[in-house]
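Report on one structure; see the data block that follows.
What follows is calculated from the coordinates using simple rules that are stated; it is not laboratory data. Source: prediction; values computed, not measured. Ideal geometry is used to build each Cβ from the backbone, glycine not excepted, and the neighbour counts take in all protein chains shown.
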Amino acid sequence: MVDRLTLVSDDLDIRAIDLLDPQQEAAAREWIDVHAAVQRDVFGERGSAWTLEEIRGFHRSPTGRRVARAAWEGSRMVGALEVRMPTTDNLDLALVWLSVHPDHRRRGVGGGLLAEGEAIAAQHGRGTLMGETEWAEGGTDEAEAFAAGHGYAIAQTMIRSAMPLPGDREQLAAWAVVDDYVVESFVDRIPDEWLEDRAVLQQRMSTDAPRDDLALEEEAWDAERLRESFERTLASGRRVIESVARHRPRGRLVAFTTIGVSAGSPDLGYQQDTLVLAEHRGHGLGLRLKAANALRVMEELPEVTSVRTWNAASNRHMLAVNRRLGYAVEGYSREWQKRSGAGE
């Protein structure tokens, strides 16, 4: 089934696509363009698009299996699908990324791709399926009826916000001062001596961050997995700036925040994970680390004029921190979940 061609109708067929195959380069770039077209349709020029090089990096990773499909109407690619299945943890999970070109909606493309994605998940014994929908501030979730109609339920709502750069340097510097903690940072390459502590923090990210109704298990991180993740990120052309808080009395890393900058949009930073260990909360470390990291971005990558982030709507503390930093709401997303029982 993995390499088959699925004939959905006389005009539509769904085929396997290998994004790592040099002979399928043109199709792979068209596949990326379908996903990007949906982002432009929802957010205009503020759409968030992965580059093909970044996606290829994910497909080379040993910690997950990714299967791609594309839908054609004649010679035109009209839909794109990826099913991601972790292989280190969450072994019942399949994450479905599905896009239908805005000019070809309501023709059965989405339904055909979703059925294919669910079949792939079932073949690999995955019984928990998750997908995402997005909409801009002031708009509505146009994919809500589609997701609900196929048996998916809302498990988490996210708020998308953006902060303009450069920011107020004096204010950011004042916030970056931390008693009993020292702030350290790196650009692109994580220091080897950080790896063990940072792996612990990354694993805690999967348990301590708000998950609402998402059926997610604790992730398994160690120093080698973290090293591989950063190396893959750099190989894809993405820059990384990260700041951490080290507890002075014990000398251990207890908090971190990361911003990534894609080669495809060098003026835009993506605020990724931020975590403060529960036993070190109450010291304003989230605000202070984000302020310090924003200053480092301004110093190292002055071409970045905006930083974009996503936060669970239930995460009131981090949303309040972001407001103080100058983030404004741009849109929303929903994480949808379906339990098929295939993995039982």
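The orientation-averaged projection of the convex hull spanning the C-alpha atoms of the range 208-314 amounts to 8.3 square nanometres. In degrees between 0 and 90, to the nearest 10, how far off the longest principal axis of the chain does helix 316-325 point, with axes built from Cα atoms? Between helix and principal axis, roughly 70 degrees.
In deg cm²/dmol, rounded to 500, what helix-only [θ] at 222 nm does the chain give when every DSSP H run of at least 4 residues adds -39500 (n - 2.57) and the total is split over its residues? Numbers along the way, then the final one.
Details: 9 runs with 109 residues, N = 344.
That comes out to -10000 deg cm²/dmol.
Over all pairs of different C-alpha atoms in the range 5-126, the reciprocal of the mean inverse distance, the Kirkwood hydrodynamic radius, equals 14.8 Å. Going by Cα centres, the range 219-249 and the range 173-207 are how many Å apart? Taking the Cα centre of each part, the range 219-249 and the range 173-207 sit 9 Å apart. Of the peptides 246-256, 116-126, the order by per-residue mean of other Cβ atoms within 10 Å, starting with the highest, comes out as 116-126, 246-256.
Taking only alpha carbon atoms, the range 147-243 gives an Rg to Rh ratio of 1.04, where Rh is the Kirkwood radius.
How far is helix 109-123 tilted, in degrees, relative to the longest principal axis of the Cα atoms in the chain, given as a value from 0 to 90 rounded to the nearest 10? Between the helix axis and the principal axis of the chain, the angle is about 80 degrees. Computed over the chain, the quotient of the alpha carbon radius of gyration and 2.2 N^0.38 Å is 1.01.
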